[in-house]
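J.: Have a look at this one.
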């Protein structure tokens, strides 16, 4: 044996050095035990139920974590006081891979098997690690507090201005809006996003898209707040209160494609999934889901998950099969199972929150509405359901239905269902509006029959009025020619109001305007004003500004005793044109409207215009490669109804202060313009004097005298001009 000295052998076996052998055959304990988890809190059963419990637990852990090794579950059994063998409430599970063990801890720690049994799942290596902790307490080192930037700092602007983000070329920029003046630049970055940008619902974050995922930015310095890893992400959706983020990619999660050593949050459970749900505050991945598409339909319906107003629940429909409602942040199914609904097409959550005191609604639960088409002898049906109890509170049967669209009023007091219907011969189509009055007992439904197809529907925010666009143009539905744009069709707009003058309140037409071409409705976020726009048309680019509460100026002739004509308060304020307009968006205050012509939809004349609510143009910018302009949303006001009433009462007092500030700003701007002009003139004369002096010195140095150009050959010409200043005609007798 090499290296062995036979002349100096050890006298005793204890003196032999085996260190080289130990080192060669050392067992890496941590690596070997990384696939094992310890499960505590399991039910205590006897020998008769041992096999059944092991089978249930194996099925649970295989479904939610990964494959368990053959014979990989060991549940210790010991005699009890009566001498019968029973389990001790804990067991060990050995998985095929360490990733499955990690998924078991992540997905099943805290899982409730029953009311009295909640599982506690930990890695076996963690048990050993924590058991080796010393008995003596060592106080942890506390890092110095580093204050973070306020995510809502833009709301403290002294002038109460609004911000917007603009994406042009490769540049993304943030600006302050300044009425008639050019926007005030705040921040810019080149290649900040790879596809587009998106604000969160309350304006706290700006989301940018990248090949490896999503980044959220905010604060005065526009630093990165959090990053979410999702390769190939294409679409995102925030929950209403910005607590959660949903991301979607057409590329399924593939662990083998992840760069080696990369810090990604995915496990085997996420393999092959397309949809991820994140916790925005922690940046952690809560759960992933596979994409669900209807048979033969390759288009993506977004958002795939829809959130309740309180962020407590989110749901998605599997077309034609079921409705799955999940609870956040646990990400588990409400009631641990989906709701089987044959033929379900779509659903919408009520915007009213059960945790907010609304005296009209008095909600104790969230409300969800869905519709199903006609299947066999069953009529189409609209259903309203309470969540989480899943109690059906109202249904309405419908016949000869082609399609339905659900529209909740912003306060959740009404649900309007636009029902596209066909005649029995199916040769012509028309529409009905089914309006559910959620605040009233038994939720009565009012039906409004519309003779023509309805192209658009929109509730007035915080109001009880709505507007619809209808058409009877024969060109409606005609397919455009090869490479051609869709034809511009004739439309009509009707405004409806809630008539409370009769015993039974009902919705009545307030005013109808015909011979229009508009195809989109845009209500002001404060109500009252609305924009009717013709977007993405090759021939018409009209933008109409309307006021539904117009009050004519008092001419001083006294008020008339006659009752005003119905609809007289609905007045058109102005009609403007923005060639190639593709997008319209109101600012959060309802004072300004931006119209944009994006290179994504229009080939020439890119740029945007800013208008006031009356339709007066304040700013027009032609911008090459203009793509996107989005107003920064504002959170809901924290002022109560009494405080708002007091402000309205003293509005004239506040307006004086604002008028003085505007006048001072106008004077300051005029003074700056005059000062700039004077400075330019002074610089011009100073340069001219320097130039003349320099030229004179050069001529003297060259021995040339500066002579007059005419050298005495000029002559003076006098010109007399006669002008009649006054003429009087006098007749003399």
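Rule-based calculations on the coordinates, nothing more; no lab input. Remember, predicted model here, so these are calculated numbers, not experimental data. Counting neighbours? That spans all protein chains shown, and the Cβs are built from the backbone with ideal geometry, glycine included.
J.: Between residue 160 and residue 16, 0.36 nm times their residue separation minus their Cα-Cα distance comes to what?
T.: Taking 0.36 nm per residue and subtracting the Cα distance, the gain is 43.4 nm.
J.: Among 465-473, 185-193, how do they line up from the highest to the lowest mean number of other beta-carbon atoms within 10 Å?
T.: The packing order, highest mean first, is 465-473, 185-193.
J.: Relative to the longest principal axis of the chain, what angle (0 to 90°, nearest 10) does the C-alpha long axis of helix 98-108 take?
T.: 70 degrees
J.: For the Cα atoms of the chain, what angle does the longest principal axis make with the long axis of helix 47-64, in degrees from 0 to 90, nearest 10?
T.: 30 degrees
J.: Run the helix sum for the chain: -39,500 (n - 2.57) per DSSP H stretch of 4+ residues, divided by residue count, reported at 222 nm to the nearest 500 deg cm²/dmol.
T.: That calculation yields -5000 deg cm²/dmol at 222 nm.
J.: Still on this structure: What would the Debye formula give as log10 I(q)/I(0) at q = 0.07 Å⁻¹ for the alpha-carbon point model of the chain, no solvent?
T.: So the normalised log intensities work out to -0.72.
J.: Quick check: the angle from helix 651-701's long axis to the longest principal axis of the chain, C-alpha only, nearest 10 degrees?
T.: It works out to around 70 degrees.
J.: Work out, step by step, the length gained on full extension between residue 723 and residue 405: first 0.36 nm times the residue separation, then minus their alpha carbon distance; give nm to one decimal.
T.: Stretched fully, the residue 723-residue 405 segment lengthens by 106.6 nm.
J.: What ranking, highest mean first, results for peptides 263-274, 691-702 when packing means the other Cβ atoms within 10 Å averaged over each residue?
T.: 263-274, 691-702
J.: Could you list log10 I(q)/I(0) for segment 344-451 at q = 0.16 Å⁻¹, which the Debye formula gives when each Cα is one point scatterer?
T.: So the normalised log intensities work out to -0.70.
J.: Using packing as a proxy for protection, rank 528-538, 493-503, 201-211, 381-391 so that the peptide with the highest average count of other Cβ atoms within 10 Å comes first.
T.: 528-538, 201-211, 381-391, 493-503
J.: Rank the residues 457, 61 as a footprinting-exposure proxy: fewest other Cβ atoms within 10 Å of their Cβ go first.
T.: By the 10 Å Cβ count, ascending: 457, 61.
J.: Just want to confirm a number: the relative contact order over segment 344-451, from Cα pairs under 8 angstrom separated by 6+ residues, in percent.
T.: In percent, rounded to a whole number, it is 18.
J.: What is the fewest-to-most order of 489, 393, 543 by other Cβ atoms lying within 10 Å of their Cβ?
T.: The most exposed by this proxy come first: 393, 489, 543.
J.: Right, next: Over its Cα atoms, what ratio of radius of gyration to 2.2 N^0.38 Å does segment 532-688 give?
T.: Scaled against compact globular proteins, the figure is 1.46.
J.: With a Cα-only, solvent-free Debye model of segment 193-295, what are the log10 I(q)/I(0) values at q = 0.20 Å⁻¹?
T.: Values returned for q = 0.20 Å⁻¹ are -1.04.
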